[in-house]
Amino acid sequence: MNPKTLLLPRWLLSMEPGSSVQTGQAVLLQGERIAAVGDATALCAQHADAEPVALPEHVLMPGLINSHTHSAMSLLRGVADDLGLMDWLNHHIWPLEKRWVSHEWTRLGSLFSAAEALRGGVTTLNDMYFFPEAMAEAALQAGIRCAVSINVIDFPTGYASGPDEYIAKGEAAYAKFKGEKLLQFTSSPHAPYTVSDETFVKLRQLSEREGLQVHCHIHETLDEVEGSLKQFGMRPLARLEKLGLLNEKMIAVHMVHLTDDEIAMLAGNRVHIAHNASSNLKLASGICRVADLDAAGVNVVLGTDGAASNNRQDMFEEIRQAALLAKGSTGKPTVVPARRALEMATINAAKALGREADLGSIQVGKLADVIAVDLSAPECRPVYHPDAQLAYVAAREHVSDVWVQGDRVLKQRQLTRFDLSKVLAQVEETVAQMKAGD
């Protein structure tokens, strides 16, 4: 018989469309799913055999979904700061990756990132990196949900010699882990400036054949757009539309430089956009037109990008940043209100991954991916509007407990699935080796 847990928060923010913050409610978890949501007194009486978890000053909400990250790059946090994207990639990140990245390096970095994610209330990662088997192993060990990438780039790396080998290795990982409940896979071309038309078509066909989302960096910088105009005679989005990639399967990452016509094209093709505000600011790539995209009906979601370019894997910061940037860049304080910013990290993000039937809100029958955010600290008081408090005040440090698929993977700020101190020791040893090898 599946064990039952009864969560008793002060506030419930279900993120169900049309709902508001509620008090006096309880949520029953049974096995891997949400079994009941309702009056706390009634549910306590009906389920006396359930383990009660008192959350007296907490908001209970769906787990956050990080819609774009490079988990293993936690091992490169701070390695090259204050640089533009292409300088950062060409002269620092790609040379380091070529020298150091391996299956074990990726597994360790991904496990380290999973710890940071869970401690920050993130229950799902949409990852993009090499060695997908290593990412899958780390996610399963940590108990975090992950969309693992079949990541492809047209030049050789320490992982593969070219696009066909990237795809073959990615498909082998997909076959190996297919059926794992915590995992799904994406077809992930790196970017238009690193992937040929032929490779894009192969990855589109893979998406169509296996029903996978497509995950790709697009329109991140002006240089990317201008380079595409010179090489192909068209902007990257137009090229991808011509190749048949713009549809509801596409998660287009960054999308900083857009025309009005392109926004309309994105809306018409039901493309999802993963907005990475902090990374775009740090690399001076620009500011995504989130308010205009939102007004056009484009599904905008939030990501952190990797720890080498952000450098924080902090989704609460991205929620706040998305709301404030939209207001400041438009001069309209009413755009991207708190509730909308929270939707971008929960229910909207579930939709982008094709998982809205299972994830993104606290509703009966959905998977039990929920988090408790403690608002008892003085910096979080007083509380007039708990949803706004989550968007503008609370930080990842206020996340006390996390359940993924019904498993309590963070209990009163402590990870339950693995020893973080041992992982941190391994990280320090690996970084010391990298420094010595420079």
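The values are calculated or read from the model by the stated rules, or taken from the named source; none is laboratory data. Quick caveat: nothing in here was measured; it's all calculated off a predicted structure. Glycine gets a Cβ as well: all are built from the backbone with ideal geometry, and neighbour counts include every protein chain shown. Only protein heavy atoms, including side chains, enter the accessible area calculation; ligands, DNA and RNA are left aside. Shrake-Rupley method; radii C 1.70, N 1.55, O 1.52, S 1.80 Å.
Yes or no: residue 38 over 21 Å from residue 338 (Cβ atoms), open to solvent by less than 40 Å² (accessible area, probe 1.4 Å), assigned to a helix (DSSP H, G or I) and not acidic (Asp, Glu)? For residue 38, the condition - over 21 Å from residue 338 (Cβ atoms), open to solvent by less than 40 Å² (accessible area, probe 1.4 Å), assigned to a helix (DSSP H, G or I) and not acidic (Asp, Glu) - is not met.
In this structure, is residue 173 open to solvent by less than 10 Å² (accessible area, probe 1.4 Å), without any contact (Cβ under 8 Å) to a residue 60 or more places away in the chain and in a loop (DSSP other than H, G, I, E, B)? It is false that residue 173 is open to solvent by less than 10 Å² (accessible area, probe 1.4 Å), without any contact (Cβ under 8 Å) to a residue 60 or more places away in the chain and in a loop (DSSP other than H, G, I, E, B).
Residue count for the range 102-141, restricted to those that are touching a helix residue (DSSP H, G or I) at 6+ places or on another chain (Cβ under 6 Å) and β-branched (Val, Ile, Thr): 2.
For the range 340-349, a tally of residues being in a helix (DSSP H, G or I) and in contact with a strand residue (DSSP E or B) (Cβ under 6 Å, 6 or more places away or on another chain) returns 3. Would you point out which residue out of 84, 109 is under 30 Å from residue 284 (Cα atoms), of a type in the set (Gly, Ala, Ser) and modelled with pLDDT under 95? Just a single option satisfies the conditions, and that option is 84. Being more than 16 Å from the chain's Cα centre (by Cα) and under 21 Å from residue 320 (Cα atoms) is a condition met by at least one residue of the range 264-282. Please go through the range 294-309 and give me each residue that is crowded, with 18+ Cβ neighbours inside 10 Å and over 19 Å from residue 360 (Cβ atoms), ordered by number. 305, 306, 307, 308, 309 - these are the residues of the range 294-309 that are crowded, with 18+ Cβ neighbours inside 10 Å and over 19 Å from residue 360 (Cβ atoms). In the set 333, 337, only one residue is under 27 Å from residue 60 (Cβ atoms) and either modelled with pLDDT of 95 or more or not charged (D, E, K, R) (or both); that residue is 337.
Within the range 1-34, being open to solvent by 40 Å² or more (accessible area, probe 1.4 Å) and farther than 20 Å from residue 390 by Cβ holds for 1, 2, 3, 30, 32, 33. Would you confirm whether any residue within the range 377-393 is of a type in the set (Gly, Ala, Ser) and out of contact with any helix residue (DSSP H, G or I) (no Cβ under 7 Å at 6 or more places or on another chain)? No; the residues of the range 377-393 include none that is of a type in the set (Gly, Ala, Ser) and out of contact with any helix residue (DSSP H, G or I) (no Cβ under 7 Å at 6 or more places or on another chain). State the number of residues belonging to the range 101-119 that are open to solvent by less than 10 Å² (accessible area, probe 1.4 Å) and either hydroxyl-bearing (Ser, Thr, Tyr) or not in a helix (DSSP H, G or I) (or both). Within the range 101-119, residues that are open to solvent by less than 10 Å² (accessible area, probe 1.4 Å) and either hydroxyl-bearing (Ser, Thr, Tyr) or not in a helix (DSSP H, G or I) (or both) number 3. Can you tell me which residues in the range 399-438 are out of contact with any Lys or Arg (no Cβ under 8 Å at 6 or more places or on another chain), in a loop (DSSP other than H, G, I, E, B) and open to solvent by less than 50 Å² (accessible area, probe 1.4 Å)? Answer for the range 399-438, where residues must be out of contact with any Lys or Arg (no Cβ under 8 Å at 6 or more places or on another chain), in a loop (DSSP other than H, G, I, E, B) and open to solvent by less than 50 Å² (accessible area, probe 1.4 Å): just 418. Looking only at the range 131-141, which residues are open to solvent by 20 Å² or more (accessible area, probe 1.4 Å) and either under 17 Å from residue 184 (Cβ atoms) or part of a loop (DSSP other than H, G, I, E, B) (or both)? Result: 131, 133, 137, 140.
Being free of Cβ contacts under 8 Å to residues at least 12 places away in the same chain and of a type outside the set (A, V, I, L, M) is a description that does not apply to residue 127. Only one entry in 264, 284 is open to solvent by 10 Å² or more (accessible area, probe 1.4 Å) and more than 17 Å from residue 220 (Cα to Cα), namely 264. Given (1) part of a loop (DSSP other than H, G, I, E, B); (2) touching a residue at least 60 places away in the same chain (Cβ under 8 Å); (3) among the charged types (D, E, K, R), where does residue 98 come up short, assuming only one miss? All conditions are met except number (1).
Got at least one residue in the range 39-51 being at pLDDT 95 or above and within 28 Å of residue 138 (Cβ to Cβ)? No, the conditions are met nowhere in the range 39-51. Tallying residues that are surrounded by fewer than 20 Cβ atoms within 10 Å (Cβ to Cβ), touching a helix residue (DSSP H, G or I) at 6+ places or on another chain (Cβ under 6 Å) and either acidic (Asp, Glu) or assigned to a helix (DSSP H, G or I) (or both) within the range 142-166 yields 1.
For the range 362-387, which positions are crowded, with 20+ Cβ neighbours inside 10 Å and closer than 29 Å to residue 214 by Cβ? Within the range 362-387, 362, 366, 367, 368, 369, 370, 371 meet the criteria.
Listed by first and then second residue, the pairs with beta-carbon distance under 7 Å, at least 6 apart or on different chains, first residue in the range 213-242 and closer than 18 Å to residue 151 by Cβ and open to solvent by less than 10 Å² (accessible area, probe 1.4 Å), second modelled with pLDDT under 95 and part of a helix (DSSP H, G or I), are 220/85. Any idea which residue in the range 267-280 is farthest from residue 240 (Cα to Cα), counting only those that are surrounded by 24 or more Cβ atoms within 10 Å (Cβ to Cβ) and among the aliphatic types (A, V, I, L, M)? Per the stated criteria, the residue is 277.
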